Structure formats: C-alpha cells, structure tokens
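**Q** Supplied in structure tokens, the structure appears directly below.
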Amino acid sequence: MASPAIELKNLSKRFGGLQVIDHLDLTIKPGELRCIIGPNGAGKTTLFDLITGRIKPDEGQVIFEGRDITYLKPYNVSRAGIVRKFQIPSVFDELTILENLHIAAHGQQGIGSLIFYRRTETSALDRVNEIMEVIHLSGRGDELVKTLSHGEKQWLEIGMVLSYKPRLILLDEPTAGMSAHDTMETSHIIREISRSMTAVVIEHDIKFLKELAEYVTVLDRGAVLAEGTFQEIEANSLVRDVYLGRGGQ
Amino acid sequence: MVDPLTWGTKRTRRILVVVILLAMGVFPLVGDDYNIVLVSRIICLSILAISLDLLWGYTGLLSFGHGVFFGIGSYSLGLTLKYFSFPGVAYIGVLIGISVSIIAATILGYFLFYGRISGVYFCIITLALTTIFFSVGNHPGLFHILGGNNGLVGPFLYHKFGIPGVWEYQRTMVSYLANYYTALVVFLMVFAFCYYLVKSPFGKILQALKNNEDRLEYLGYNVANFKIVIFAIACGLAALSGAISVPLQTTNPVVFGLSFNASIIIWIAVGGRGTLLGPAIGTLLVNYMEIWLSSEFQYLWVFLMGVFFILVIVFQPDGLLGLNLRLRKLVRSNA
Amino acid sequence: MDELLIQLLNSLSFIAIFGLIGVGLAVLLGLMGVINLAHGEFVMLGAYVTWWSNMAFHNYWIGLILAVISVGLFSLIIERGLIRALYDRPMETILATWGLGIVLREIAKLIFGKSYRIVEAPVPGFVSFWGIEYSAYRLFLIVTGTIVLFGVVVFFLKTNYGLKARAIIFNKEMASALGVDTDRINQVMFAMGASLAALAGALICPIYVTYADMGMPWLVGSFFVVVIGGVDSIWGPLGGSVVYGGSQGITEFFMSTVASQIIVLLIAIVVVRLRPFGLFAKR
C-alpha cells in the first residue's frame with residue numbers, strides 16, 4: 001500500500017483563454033474508491049481526458065503505478081491497465097452483448113491471433129458469464145446492444161470495462177440519466193467492482209455519493225478545492241458556497 | 001447493415017448456395033461467347049467490389065481510389081508479360097502485382113491512419129490518388145512502356161496462362177471457358193477468404209471499429225494498425241482482381257480515373273454494403289443495367305444511371321440486400 | 001528569368017482560381033462535414049451560363065454576373081433538396097453529390113451538346129512590363145480573383161454572418177446552443193461557395209474550353225487545396241491554394257507535369273501525416 005495507484009502532479013491545461021486544469025495535484029491509493037465532484041465546468045471530464053491520453057497537458061505529469069504515462073496514446077494507457085467508462089454510454093451498438101464483452105476481453109491481443117483464432121477456452125466463457133451476472137444481463141448474450149435501455153447500456157459498458165481486467169477504472173457519471181432504482185443497482189455494482197481494483201468516479205447524485213463514497217475530492221475551476229470523507233465535505237461551507245453560488249448541480 | 005450470410009434458415013442457405021454454384025458452373029455451357037466474356041469480366045469486378053466492401057462496409061473506410069490498386073495489379077501482370085516470357089511467368093506477375101499493392105497500401109496506410117485520417121478526409125486523399133495514377137498511366141513520356149491511353153496492347157498478351165504443360169489457355173479470343181473458370185475459381189476462393197475473415201474476431205473488431213472507434217481505442221486496441229492491415233488486405237485483393245482481368249480486357253488507365261473508382265462504390269451501394277454478397281450482386285446488376293439502358297436510351301442512359309444512383313442513396317442506402325430486411329420488418333409489423 | 005516571371009504569373013492565376021473554387025468546398029466541409037462532389041459542376045455551369053449569355057447578348061460581363069447569380073440560386077435548390085435530405089448522413093451525402101454530378105454533366109451534354117465551346121477573352125491583347133509580354137486577360141483574372149477573395153476574407157473576419165459561420169466551424173454544438181441559426185448559415189454559405197465556383201468558371205472559360213466534364217479536373221485539384229490547407233479557418237483554402245497552385249506552377253517549370261503532380265501528392269501526404277487537418281488547422 002506504499003506507492004500510490006495514480007498520482008497527478010502539477011497538472012495544467014489551457015483551452016484558448018480558459019485555464020481548465022490549474023496546477024492540480026491529486027493522489028489516489030491502490031484499491032481506493034475515490035469520488036470526484038464539482039460544479040459544471042470544474043474540469044472533471046478533462047481530468048479523465050488527461051489521464052487517459054486523449055489530450056496532453058501543458059505542464060505536469062500523470063504517474064500510474066510509478067510509471068509516467070503523461071504522453072502515452074490512449075490505447076497504450078489502456079494497456080497499462082487503466083480503463084474509462086464514458087459519460088454517454090459508449091458501446092458497440094451494432095453488435096451483440098456477448099460480442100461486446102468478448103471484444104473488451106481481448107484488448108491486449110495481437111492482430112495475428114485475432115485472424116487465426118481457435119475456439120474460445122471455457123474459462124474465458126465462464127468469466128463472461130460471471131460478468132453478465134454482475135451487470136444483471138444474464139442469458140441475454142445474443143441480443144443486439146442497440147435494443148438495450150439506457151441503463152442497461154451503462155451496465156454493459158461497466159461489464160466491458162470489467163471484462164478487460166483493468167487495475168484502475170475511471171467512471172464518468174455512471175448513473176447519468178438513470179432512474180432512482182437503477183442508480184441504486186449501479187452503486188452496488190460499483191461497490192462490487194472496487195473490491196478488486198482502484199476506482200475513480202465522477203458523480204453528481206447525492207444519494208449515490210452517500211451510499212458509496214469513501215473519500216471525496218472536490219474540484220473547482222480546475223483545482224482541488226477540498227478533500228475528505230463524505231461527511232466532512234458535506235459539512236464544508238466552502239464547498240457549499242461553490243455549489244450554491246455557482247448554481248451548479 | 002444487413003447480413004445476408006445469415007439470411008433465412010440454414011437449410012435454405014445451403015440450398016441457395018448449391019443452386020448458385022451450379023448456375024455459375026453450368027452457365028458457360030449454355031451462354032453465348034459474348035455473355036461468357038462479359039460475365040467473366042463482371043466476376044473480376046465483383047472481386048474488386050467485395051474487397052472494397054471489406055474496407056467500407058465492414059470497417060467504415062470509403063476509398064475513392066480502390067480502382068488504382070486494381071490497375072496496379074493489371075499493369076504489374078501486363079508489364080511482366082511484356083518483358084519476360086518463361087513458362088509460368090504469369091504467376092510471378094500476379095504475385096508482383098499483389099505485393100506492390102500491399103506494400104503501397106501499407107505505406108500509405110501508415111501515413112494516413114497514424115495521422116488519424118478517416119471518414120471524409122480519407123475519401124479525399126484516396127480520390128487525390130486517382131489523379132496521379134491517371135496522369136502517370138496516360139503520360140505520353142511513358143508511352144512506350146505503359147501505352148498511354150490505349151493501355152497495354154501487343155502480342156505478349158497472347159502468352160499462355162494456366163499451368164504449363166498441364167492446362168494452358170490464352171487470352172479471350174482463344175479460350176473463353178478457361179478464362180471464365182479461372183475467374184470463377186478465384187472469386188470463390190476470395191469470397192471464402194473474406195467470409196472467414198469477417199466471421200473471425202478480427203472481423204468483429206473491424207465492425208466495432210466502424211461502430212465506435214473511440215471505445216475500441218480505450219479498450220487497448222491500436223486502431224491504426226487494424227486499419228492498416230485491412231487496407232493492405234483489401235488492396236491486395238484488388239490487385240488480384242486486376243491481374244486476373246488481364247486476359248479478359250485491355251489494361252488501360254481508365255481504371256485510374258475517378259469514374260471507374262466511383263463506379264465500384266456504386267456497385268456496392270446498389271447491392272448492399274457490408275454484406276460481401278451485395279457487392280457481387282450489385283456489380284452484376286449495375287453492369288447489366290448499363291448495357292441494357294445504353295442500347296435502349298442511347299443519349300439518356302448515363303443520366304438515368306445518375307438519377308437511379310441518387311434515388312438508391314437517398315431512399316435505400318442499404319441497397320438491394322437491405323431491401324429484403326426492410327420488407328421483412330414491414331411484414332412483421334403488419335402481421 | 002523572363003520565363004520564370006511568366007510561370008510565376010501563371011501560378012498566380014492558378015492560385016486565384018483554386019482559391020475561388022476551394023473556398024466553397026472548404027466551407028462546406030468545415031460547416032457540415034460534407035464533401036460536395038458536384039462542386040466542379042458549379043464551375044462548369046458558371047462557364048456555360050457565361051458562354052450562353054455571351055452568345056445571346058454579345059456581352060461577357062452580363063454573362064459573368066448572370067452566372068454567379070443563377071448558379072447561386074440553383075445551389076439553394078440543391079441544398080434544400082439533396083443536402084438537407086441527407087443531413088445527418090455525411091457518407092451518403094458524398095455519394096449523392098457524386099450522383100448529382102453525373103446528372104448535371106449529362107444534362108449539360110444534352111442541352112449544350114458535346115462540342116467544346118469557346119469564349120473570347122473580354123480583355124484582349126497583351127500588356128508589357130518588366131521585360132515580358134503577358135496576357136491582359138490573365139492579369140485581369142488574377143486581379144479580379146484576388147479582390148474577390150479579399151472580399152471573402154473580410155466577410156469572414158469582419159461581418160456578423162462571417163462570425164457566425166466561424167463559430168459553427170469551430171464548434172457546431174456550442175454555436176447552436178448559443179442561438180446561431182445553423183441551417184440558415186449553412187444555406188447562405190453553400191450558395192456563396194457555389195457562386196464563387198461559378199465565378200471561377202466564368203473567369204476560366206475564356207482561357208480554357210468549356211465542355212460538360214470541365215469541372216472534374218478542377219474538383220480534384222481543389223481537394224488537394226483543402227487537404228493541404230485545412231478547413232478550420234478561411235486561411236485554410238487560401239493557404240492551400242497558394243501551396244498547391246504555387247508548387248504546381250514552380251515544379252512544372254523545372255520538370256514535367258506528371259513529376260510535379262507526384263511531388264505535390266507527396267507534399268500532401270506528408271502534410272497529412274504531420275498536420276492531419278491541414279497546414280492552417282487549429283487542432
């Protein structure tokens with residue numbers, strides 16, 4: 001538990017005239033379930049973009065398990081063990097649930113083995129079935145993903161991310177657009193997941209946060225405003241001001 | 001995207017396949033010479049169309065310059081025959097064509113796909129390719145090598161193809177049947193190869209790529225590499241189709257022109273993209289349509305083809321095979 | 001030395017023409033993410049209207065003005081009809097415009113026949129300067145093209161419409177959220193692009209012959225312009241036409257047309273690798 005899972009050092013990013021991320025420092029320990037909150041425009045999604053290599057910072061570093069991954073391309077960041085779940089469910093609509101999960105499982109394979117393949121081993125199949133249970137989609141493997149509901153697509157995406165077996169998972173508003181019931185389900189699923197990997201969740205939903213949050217980081221205007229347990233944050237007047245004053249959430 | 005490869009029940013499919021194979025096999029025995037040659041050419045062109053479908057229908061990369069690789073295949077074989085004449089040289093020529101094509105595609109692909117070029121920009125650049133090759137093909141300075149806009153003509157084309165000593169044939173004039181069956185056999189092999197490819201995990205990933213490239217990248221896939229590989233495969237197959245067309249028609253720079261390149265796309269669109277079978281059907285259909293229309297409407301036929309194409313794109317972009325799916329949905333919703 | 005000067009001036013006329021044609025293509029690509037493969041036909045129609053008016057009214061200038069206006073109006077019909085119908089399907093739009101191009105070329109053949117049409121230069125003769133004799137008409141073309149393109153730049157940078165267009169090119173969703181009428185702007189820009197192409201056609205016809213397929217070579221060249229220059233700003237197509245027209249003109253001076261084309265293609269490929277969205281891109 002000595003070295004952090006992921007460390008952001010002095011990260012900065014500017015878009016045109018706007019300083020979106022401002023000398024941000026953040027450390028997350030392995031196995032943690034960290035929630036990141038903040039008003040709209042605080043830079044939460046940009047943070048994920050910077051971590052996953054979608055955009056490059058102007059200064060600063062992203063260090064994952066001791067390794068500088070700041071300038072790695074997205075697919076290499078994924079191969080390093082970080083997977084992202086997007087705000088809008090990003091899955092393969094035109095394929096079936098099973099196909100989605102299988103594709104997610106094979107991300108590290110070379111092209112040659114994908115052309116000249118052998119029948120899938122049973123262990124891989126078992127794992128896929130396990131995942132389908134966790135995301136409440138058992139027995140529906142052959143359905144086309146585009147027929148799924150919004151909530152089910154979100155879960156499928158989580159399932160795909162699991163299929164990949166990452167060590168760090170980044171979840172960007174996993175309950176966006178979900179009903180209260182589905183939101184509760186999702187929080188259970190995420191709690192399950194975080195047992196075997198480090199998880200960072202961007203969220204707005206208070207109930208969800210109450211249920212799940214171990215440690216919370218509050219972002220405002222690209223920098224860390226406050227950090228603490230959910231109770232501490234809830235009681236923090238600065239945080240309240242930022243949320244109420246800005247009209248955010 | 002429709003998958004006629006899963007159309008109907010397994011039994012209907014098996015029966016259909018047998019029927020089609022029989023028809024294709026028996027055709028030359030009942031058809032006249034003119035039509036045999038025509039269908040042979042169409043078979044070559046459908047291989048070309050199927051190879052582009054791998055790129056466009058399955059991976060989502062629309063190349064406006066696929067005919068260029070067809071031309072590379074034809075010219076490679078033609079030039080090899082022009083300058084060398086030992087038995088079996090035709091095979092070397094075909095291999096040269098395919099290799100040149102694959103190498104060129106890989107290099108071009110490296111530049112394009114690592115530069116994150118796709119979609120519309122990919123169309124533009126591949127389109128730009130056609131101009132260069134068209135100019136080179138027509139270039140008066142290279143006339144003695146390439147033949148300018150007459151293309152490659154000459155007695156060397158009557159070289160014997162086939163297997164030396166076992167089964168030989170020469171250009172169209174002499175042996176229609178051999179040409180036809182060669183084209184047919186190559187077509188079936190290519191089709192089987194593409195079918196296997198598309199059904200493999202690699203094929204699924206290509207479809208996933210077309211569907212949601214970002215997601216694939218964030219799952220650890222080096223998307224650019226996949227594109228380069230399928231691009232190389234498609235261009236290699238295009239060169240193959242170009243090579244086997246050498247005994248059937250004159251190799252000339254028309255295939256580098258924008259019209260020919262656009263035609264391939266039309267065949268795929270009309271037949272049904274993303275289906276492998278659709279492009280073949282589309283090639284057959286459109287080519288016969290053009291022949292029929294041009295004899296009925298001497299002055300209007302190109303115009304009519306243009307209108308037809310616009311209508312297909314606007315109202316039935318999934319093509320003929322997509323029509324089947326649409327009808328089934330309609331029937332189901334009314335039942 | 002004299003030859004170089006003449007070649008340079010010829011390059012300038014190429015740059016001007018490609019600038020006029022390229023802007024229309026680039027604007028459409030930047031605004032709507034669509035390629036209009038029938039853009040060359042706007043050039044062709046501009047040339048034919050000019051030729052026809054020249055025949056009917058014995059006046060080139062009326063022809064030029066008529067060409068610009070009529071093609072501009074015609075393009076509005078196309079925009080409404082075809083482009084709108086395929087609004088969210090960029091791939092289909094490309095294909096449909098190719099079909100449209102076929103149709104327009106065939107209609108032109110049916111109406112105007114297949115023979116080459118000639119238009120006499122409205123500004124005849126030669127001008128002597130700096131030790132050379134240069135076609136007065138070409139000078140006129142260069143000057144006109146430059147002035148019009150200057151006007152286009154001013155339009156984009158200084159007017160409200162231009163500002164809105166730039167906003168859409170920069171970020172379509174945000175512009176729409178900020179209340180910009182994207183449909184209207186797209187329409188106006190499409191018509192503007194078509195009119196500029198028609199103007200190019202009108203300017204071209206006294207130099208080159210007019211025939212139904214004349215738009216195609218210019219279309220492909222404009223693609224180079226757009227690829228090299230990019231579509232993120234008005235400087236994209238302008239810069240692209242300078243690079244493309246310029247390099248073609250210069251390399252042609254030293255080597256054959258084909259060799260120069262190959263060099264230009266290589267330049268385009270390298271640009272694409274290093275600056276995938278054009279030399280003047282913002283991303």
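Where a number appears in this text, it was derived from the coordinates with a stated rule and is not lab data. Keep in mind that what you see is a predicted model, and the values were worked out from it rather than measured. Every residue, glycine among them, receives a Cβ derived from its backbone with ideal geometry; neighbour counts consider all protein chains shown.
**Q** I need two numbers for the range C:2-213: Rg to one decimal and Dmax as a whole number, Cα atoms only, in Å.
**A** That works out to 18.3, 58 Å for Rg and Dmax.
**Q** Whole-Hz ³J(HN,Hα) for each residue in the range C:239-245, computed from phi via Karplus 6.51 cos²θ - 1.76 cosθ + 1.60 with θ = phi - 60°, x for glycine and proline: what do you get?
**A** Listing the rounded values in order: x, x, 6, 5, 5, 5, x Hz.
**Q** Right, something else. Counting only C-alpha contacts under 8 Å and six or more residues apart, can you give the relative contact order of chain B as a whole percent?
**A** The value is 33 percent.
**Q** Could I ask something else about it? Using DSSP to define loop residues, name the trypsin sites (Lys or Arg not before Pro) in the range C:62-168 whose beta-carbon has at most 10 other beta-carbon atoms within 10 Å.
**A** Answer by residue number: C:K114.
**Q** May I ask you to derive the relative contact order of chain C, considering only C-alpha pairs under 8 Å and at least 6 residues apart, and to give it as an integer percent?
**A** Relative contact order here is 35 percent.
**Q** Next question. Show the residues, 5+ positions off or on another chain, whose built amide H is closer than 5 Å to the amide H of A:E59.
**A** When sequence neighbours closer than 5 places are left aside, the close amide H contacts are A:S12.
**Q** I would also like to ask the following. Once amide H atoms are built 1.01 Å from N in the peptide plane, which residues 5 or more positions from A:V20, or in another chain, come under 5 Å H to H?
**A** For A:V20, the qualifying residues are A:K13, A:R14, A:F15.
**Q** Can you spot the lysines whose alpha carbon is less than 21 Å from B:K82's alpha carbon? Ignore those fewer than 8 places along the same chain.
**A** Partners found: B:K160.
**Q** Could you compute the FRET efficiency for B:S294 and A:Y215, with r as their C-beta to C-beta distance and R0 at 60 Å, rounded to 0.05?
**A** 0.20
**Q** Quick check on packing: order C:222-230, C:199-207, C:145-153 by the mean number of other C-beta atoms within 10 Å, highest mean leading.
**A** Per-residue mean Cβ counts within 10 Å order the peptides as C:222-230, C:199-207, C:145-153.
**Q** Now for a separate question. Each label point is 7 Å from the Cα along the Cα-to-Cβ direction; what then is the distance between the points at C:N171 and A:N10, in nm?
**A** Each label point lies 7 Å from its Cα, and together they span 2.8 nm.
**Q** Can you sort C:V27, B:V37, A:V134 so the residue with the fewest Cβ neighbours within 10 Å comes first?
**A** Neighbour counts put them in this order, fewest first: A:V134, B:V37, C:V27.
**Q** Could you tell me what percent of the DSSP beta bridges with both partners in chain A are antiparallel, to the nearest 5?
**A** 55 percent
**Q** So how compact is the protein assembly as shown: Cα radius of gyration and Dmax in angstrom?
**A** Looking at the protein assembly as shown, its Cα Rg and Dmax stand at 30.1, 94 Å.
**Q** Using the Karplus equation 6.51 cos²θ - 1.76 cosθ + 1.60 (θ = phi - 60°), what ³J(HN,Hα) coupling, rounded to whole Hz, does each residue of the range B:255-270 give in order, writing x for Gly and Pro?
**A** Along the range B:255-270, the couplings run 6, 8, x, 4, 4, 5, 4, 5, 4, 4, 5, 4, 4, 5, 4, 5 Hz.
**Q** Turning to a different aspect of this structure: Once every DSSP H run of n ≥ 4 in chain B is given -39500 (n - 2.57) and the sum is divided by its residues, what mean residue ellipticity at 222 nm do you get, rounded to the nearest 500 deg cm²/dmol?
**A** Calculated at 222 nm, the ellipticity per residue is -23500 deg cm²/dmol.
**Q** What relative contact order, as a whole-number percentage, does chain A give when Cα pairs under 8 Å and 6 or more residues apart are counted?
**A** Over chain A, the number comes to 28 percent.
**Q** Among B:G25, A:A199, C:L157, which residue has its Cα furthest toward the positive end of the charge dipole of the protein assembly as shown, with +1 on Lys/Arg Cβ and -1 on Asp/Glu Cβ?
**A** Of the options given, the answer is B:G25.
**Q** Under 5 Å between amide H atoms, partner at least 5 residues away or on a different chain: which partners does A:K85 have, H built in plane at 1.01 Å?
**A** Residues meeting the criterion, in which the H sits 1.01 Å from N, are A:L170, A:L171, A:D172.
**Q** Next question, about the same structure. Using DSSP, restrict attention to beta bridges with both residues in the protein assembly as shown and report what percent are antiparallel, rounded to the nearest 5.
**A** 65 percent
**Q** Can you sort B:W56, C:W52 from fewest to most other Cβ atoms within 10 Å of each residue's own Cβ?
**A** Lowest to highest Cβ neighbour count: C:W52, B:W56.
**Q** Also, I was wondering about something else. Using DSSP loop states and a limit of at most 13 other Cβ atoms within 10 Å to flag trypsin sites (Lys or Arg not before Pro), what is the longest stretch of chain A containing no flagged site?
**A** With trypsin sites (Lys or Arg not before Pro) excluded where exposed in loops, chain A gives A:1-117 as its longest stretch.
**Q** Let's test the formula: R0 of 30 Å, r as the Cβ-Cβ distance of A:E133 and B:D214. What FRET efficiency results, to the nearest 0.05?
**A** Step by step, r from the Cβ atoms, then E = 0.65.
**Q** Quick one: P(r) of the range C:33-127 from all Cα-Cα pairs, 5 Å bins, percents rounded to integers, in order of increasing distance.
**A** Once binned at 5 Å, the Cα pair distances of the range C:33-127 give 3, 13, 20, 20, 17, 11, 8, 5, 2, 1, 0.
**Q** In the structure displayed, which of A:K153/C:K164; A:K153/B:K10; A:K29/B:K204; B:K227/C:K164; A:K85/A:K207 lie more than 27 Å apart, Cα to Cα?
**A** Violating the 27 Å limit, Cα to Cα: A:K153/C:K164; A:K153/B:K10; A:K29/B:K204; B:K227/C:K164.
**Q** While we're here: Just add up the charged neighbours of C:V27: K/R +1, D/E -1, any other residue whose Cβ is under 13 Å from the Cβ of C:V27.
**A** 0
**Q** Turning to a different aspect of this structure: How large is ³J(HN,Hα) for each residue in the range B:12-18, as worked out from phi by the Karplus curve 6.51 cos²θ - 1.76 cosθ + 1.60 (θ = phi - 60°), to whole Hz, x for Gly and Pro?
**A** 4, 4, 4, 4, 4, 4, 4
**Q** Helix-derived [θ] at 222 nm for chain C: sum -39500 (n - 2.57) over DSSP H runs of at least 4, divide by residue count, nearest 500?
**A** Helix-only estimate at 222 nm: -25000 deg cm²/dmol.
**Q** State, to one decimal in nm², a quarter of the convex hull surface area for the C-alpha atoms of chain B, i.e. the direction-averaged projected area.
**A** The directionally averaged projection comes out at 19.4 nm².
**Q** As a test of the formula, what do you get for chain A when each DSSP H run with n ≥ 4 contributes -39,500 (n - 2.57) and the sum is divided by the residue count, at 222 nm and rounded to the nearest 500 deg cm²/dmol?
**A** Counting only the DSSP helices, I get -11000 deg cm²/dmol.
**Q** Next question. Could you give the radius of gyration (one decimal) and Dmax (whole number) of the Cα atoms in the range A:124-249, in Å?
**A** Considering the range A:124-249 through its Cα atoms, Rg and Dmax are 16.5, 51 Å.
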